[in-house]
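To keep things clear, I will list the structure first and then write my remarks on it.
The values are calculated or read from the model by the stated rules, or taken from the named source; none is laboratory data. Quick caveat, the model's predicted, so the values are computed rather than measured. Neighbour counts run over all protein chains shown; Cβ positions are idealised from the backbone, glycine included. Quick note on the areas: whole protein, heavy atoms, side chains included, nothing else; ligands and nucleic acids left out. Shrake-Rupley method; radii C 1.70, N 1.55, O 1.52, S 1.80 Å.
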Amino acid sequence: MAAYVAMEPDAMATKAVGEKRMMHAAAVFIRTSNARINSKYKEGIDVSHYQGSINWDQVVDGTPISYVYLKATEGASLVDDTYERNLNEARRVGLSVGSYHFYRPNVDWKKQFDNMTSVVKMDEQDLVPIIDIEHRGSVSSDAFIADLRAFVEKVTEYYGKKPLLYTYHNFYNRYLQGEFKDYHFMIARYRSDSPTLNDGKDYIMWQYTSTGSVPGIRGHVDRSKIMGNYSLNQVMM
């Protein structure tokens with residue numbers, strides 16, 4: 001996932017794992033309230049303004065994916081200028097859609113919460129939100145965890161569901177192992193072998209490349225997949 005400063009989790013693979021082209025079959029939906037879970041595939045993507053204007057019809061016609069996470073907000077005030085269009089278009093073509101906030105450790109978490117919740121509307125989400133955690137900033141380790149925990153718990157309270165936590169393999173092992181035991185994680189590691197977390201924690205999704213190729217999107221895109229016996233239903237809003 002992308003902020004203004006691009007991160008490169010671990011070693012990057014030269015080709016996306018399992019990447020292939022095939023026609024997108026009709027979506028299979030499970031409906032609960034406003035959430036729509038497309039259960040056709042176990043793969044997804046995440047996008048932001050870095051991908052520019054996306055042709056979402058081409059995306060679903062040429063790629064075996066069921067879900068997409070869209071960048072919504074970052075820090076105390078940034079709102080991704082492609083978010084609203086991507087949200088409407090991705091849902092229109094039948095993908096299950098969630099939104100993510102890029103967390104900034106040096107910024108007041110309460111201001112970040114206000115920014116995120118002013119943009120990410122509960123009734124527009126199929127999937128629980130993601131909190132994207134890639135930096136520790138200049139704060140102490142204790143302050144980083146304390147503030148992040150306060151933010152995560154407030155987001156959980158507001159949306160009534162636990163958010164999915166995103167980070168990359170080495171960052172988790174260095175700063176987050178043993179923390180947030182009751183939350184699902186998406187782990188980024190751009191290699192052919194799946195991540196192993198030092199504390200043995202399981203994770204629901206693996207972001208396996210940042211250089212995926214998807215019809216309808218110019219340039220590279222992050223791709224991820226649901227692990228093992230997990231399903232998209234477990235992160236349904």
So what does VAL47 come to for accessible area, using a 1.4 Å probe and Å² rounded to 10?
-> 0 Å²
The chain, dipole about Cα centre (Lys/Arg Cβ +1, Asp/Glu Cβ -1), debye to the nearest 20 | 520 debye
What number, in percent, do you get for the relative contact order of the stretch 92-225 if the mean sequence gap of Cα pairs under 8 Å and at least 6 apart is divided by its residue count?
-> 17 percent
Over the stretch 34-110, volume per residue of the alpha carbon convex hull, in Å³ | 106 Å³
Out of VAL214, TYR158, THR73 - ranked by how far each Cα lies towards the positive end of the dipole of the chain, with unit charges on the beta-carbon of charged residues - the top one is VAL214
Summed residue charge, Cβ within 15 Å of LYS110's Cβ, Lys/Arg positive, Asp/Glu negative = -1
Theoretical ellipticity at 222 nm over the chain - DSSP helices of four or more residues, -39500 (n - 2.57) apiece, nearest 500 = -6000 deg cm²/dmol
Pop out the carbon and sulfur fraction of the accessible area of the chain as a percent, whole number, probe 1.4 Å.
-> 47 percent
Of all trypsin sites (Lys or Arg not before Pro) in the stretch 92-160, which ones are in loop regions per DSSP and have a Cβ with at most 16 other Cβ atoms within 10 Å?
-> LYS121
For the chain, alpha-carbon Rg and Dmax in angstrom | 16.5, 49
Between the DSSP loop rule and a limit of at most 16 other Cβ atoms within 10 Å, which trypsin sites (Lys or Arg not before Pro) in the stretch 167-209 are left?
-> LYS181, ARG191
Can you work out ³J(HN,Hα) from phi for every residue in the stretch 222-237, in order, using Karplus 6.51 cos²θ - 1.76 cosθ + 1.60 and θ = phi - 60°, giving whole Hz and x for Gly and Pro?
-> 6, 10, 9, 9, 7, 8, x, 8, 5, 9, 5, 4, 6, 10, 6, 5
